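Each remark here refers to the structure printed beneath this line.
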Amino acid sequence: MMSVATQLGFDAATIGFILRWFHVLFGITWIGHLYFFNFVNGPFAKTMDADTKKKVVPELMPRALWWFRWGAMGTFLTGVAMLGILSMTDPFYFKDAAGQFQGRAGWVLMGALFGTIMWFNVWFIIWPIQRKLIGWLKAGEKNPDADKLTRKAFLASRANTYLSGPMLFAMLASVNFAGYFGPVAIGLALVLGFGAIHGFIGRSGKVSTAV
């Protein structure tokens, strides 16, 4: 007797597609907010005085950080699930019949490594610090650790922004550049990824507010 999942067409390929769709959806939510923080909100925050920050930050940041951190979590969990399905359903995804490592798997693992580092930074550095900073701002407290923690969160966020470039390159390369995984190709991904993000960051502080 056919299972409900089989009757609905939910084979491994279908489940993999649905997971991939959610993975992209969560990823857009996460990385979109990451770029908002680094390319838009960062330069804007420098223009606010203390009174404006007290009004804007408690209303804006908790909302933005909710989508940011849960987008990261959704991306991470669907990514893990996708890797699990690949390892169980495609015995030759990571290595071919001759035992040679597959280039597409290399790109996926490179993207997964960078994505995992970014996820860790969100949940164990950026979010815990931002929760403290927002709480102190709401309470009108001036904590002596605020400047140090602000700097730490900034560096973690900036690191994630730079990592996002080669991470996205690797994810796309697993389909479009699968046969060229190696030192040269990895170097190209790093140069293009870091270079593009560096250019965006440099431009972010120069964008005009004129309409």
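For the reader, a short list of remarks on this structure follows.
- Entry comment: accessible area of the chain is 61 Å² per residue, from protein heavy atoms only and a probe of 1.4 Å.
- Comparing 140, 179, 71 in a Gaussian network model of the chain where C-alpha atoms under 10 Å apart are linked, the largest mean-square fluctuation is found at 140.
- Principal-axis analysis of the Cα atoms of the chain puts helix 103-121 at an angle of about 30° to the longest axis.
- Accessible surface for residue 17 stands near 130 Å², nearest 10, in the context of the full protein assembly shown (1.4 Å probe).
- Summed over qualifying helices (DSSP H, 4 residues or more, each -39500 (n - 2.57)) and divided by its residue number, the chain shows a 222 nm mean residue ellipticity of -25500 deg cm²/dmol.
- Taking all protein chains together and a 1.4 Å probe, the residues 125, 134 rank 125, 134 from largest to smallest accessible area.
- Whole-Å distance, taken between Cα centres, linking the range 112-128 and the range 28-72: 17 Å
- For residue 124, the shell of other residues with beta-carbons less than 13 Å away shows a net charge of +3, using +1 for Lys and Arg and -1 for Asp and Glu.
- Solvent-accessible area of residue 23 with every protein chain in place, 1.4 Å probe, in Å² to the nearest 10: 40 Å²
- Carbon/sulfur fraction of accessible area - the range 17-81, other protein chains in place, 1.4 Å, %: 73 percent
- Distance from the alpha carbon centroid of the range 140-171 to that of the range 186-205 works out to 17 angstrom.
- Distant alpha-carbon pairs in the chain (separation over 25 angstrom), percent: 49 percent
- Cα long-axis angle, helix 183-204 against the chain (0 to 90 degrees, to the nearest 10): 30 degrees
- Carbon/sulfur fraction of accessible area - the range 98-202, other protein chains in place, 1.4 Å, %: 68 percent
- Surface calculation, 1.4 Å probe, protein heavy atoms: residue 148 sits at approximately 140 Å² accessible.
The values are calculated or read from the model by the stated rules, or taken from the named source; none is laboratory data. Just so we're clear, the structure is a prediction, and the values are computed from it rather than from any experiment. For neighbour counting, all protein chains shown are included, and Cβ atoms are generated from backbone atoms with ideal geometry for every residue, glycine included. Only protein heavy atoms, including side chains, enter the accessible area calculation; ligands, DNA and RNA are left aside. Shrake-Rupley method; radii C 1.70, N 1.55, O 1.52, S 1.80 Å.
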